[in-house]
Structures are given as structure tokens and as C-alpha cells.
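Below is one structure; the comments refer to it alone.
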Amino acid sequence: SIKSDLYSLGLVLYELFTGKAAFEAESALELLRMQTQTTPTSPSSLVDGLDPAVERVILQCLEKEPGERPRSALAVSAALPGGDPLAAALAAVSGRLGRPLSECSLGIVGVGNCGSRTERVARALGMEVVPPGTMYDECGH
């Protein structure tokens, strides 16, 4: 499920930021017990100066109750410092084009089964939705 994926993301983020696994056990059964009954060591106690927002996101992903975890990976990204993924993507495209996006409208491609959602977001941003496999701006770049 999405919630179990977010838990896994929390485990990856924990190890990425601390250099240690959130739970270390000698057996799979012990690991399962730890994951269901204990809380990992606070990341900030392992890493001096860790941004509190990063720690909050990691620990929220590792909540025991799935309903207490973030709603989506996008919510995780948005909660991290500098976490505006749309702005980052648009900046990357702008850099690739070598000019601000305001000079042209950008085409965007739907992904998998999310096409209708992607299309709504793209249209709300003034983008043109183009066929799969295509990415262009109306200026021909």
C-alpha cells in the first residue's frame, strides 16, 4: 500500500541521514518485533545539526499507525526543506531550455495511470498536455 511504501521511505531516509539502520536485529522475527513495538533512536541524537523538519518527516513516515503517516510521497517531499518538487522540476526544465519558462508555455506528459491528475495540474499551471514520449515547449525547443 502507499502507507507501507511511506514507511519504507522513512527507513531509507533514516539511514540516509543518520548512516545507521532505524532497527538492527539478529533475526527477522526480532526485526518485526522492533518495528511494531519500539521507536527508533531519534535521528537528531545521532546527527548534530539535523534540520528538525527532516527529523519530523522521517519520524512521521515511521509512525506505527499507517493513518499517522504522510498522505503521499509528494507530501513528504513538500515537508522537507526546499521541498517544492514542482518548482524544482520547473527550474530544471528552465535550465535545460536556457531561458525562463515565462517565455513559452511548456508541454507536459502524463505518467502511467496518473494522466488525468497530471493533466489537471499541467492545465492549471498553463501548460499544454502533449502525447506520451514527447516533451517540448510551443517555441519548438
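The values are calculated or read from the model by the stated rules, or taken from the named source; none is laboratory data. Small disclaimer: the values here were computed from a predicted structure and weren't measured. We place every Cβ from the backbone using ideal geometry, glycine too, and count neighbours over all the protein chains shown. Remember, those area values only see protein heavy atoms, side chains included, never the ligands or the DNA or RNA. Shrake-Rupley method; radii C 1.70, N 1.55, O 1.52, S 1.80 Å.
Quick notes
- Residues (under 21 Å from Ala25 (Cα atoms) and of a type in the set (S, T, N, Q)) located in the stretch 36-63: Thr36, Gln37, Thr38, Thr39, Thr41, Ser42, Ser45
- Residue match in the stretch 64-73 (condition: open to solvent by 60 Å² or more (accessible area, probe 1.4 Å), among the acidic types (Asp, Glu) and modelled with pLDDT of 90 or more): yes
- Restricting the first member to the stretch 1-17 and to residues that are of a type in the set (Asp, Glu), and the second to residues that are open to solvent by 50 Å² or more (accessible area, probe 1.4 Å) and modelled with pLDDT under 90, the beta-carbon pairs closer than 9 Å and six or more apart or on different chains are Asp5/Ala73.
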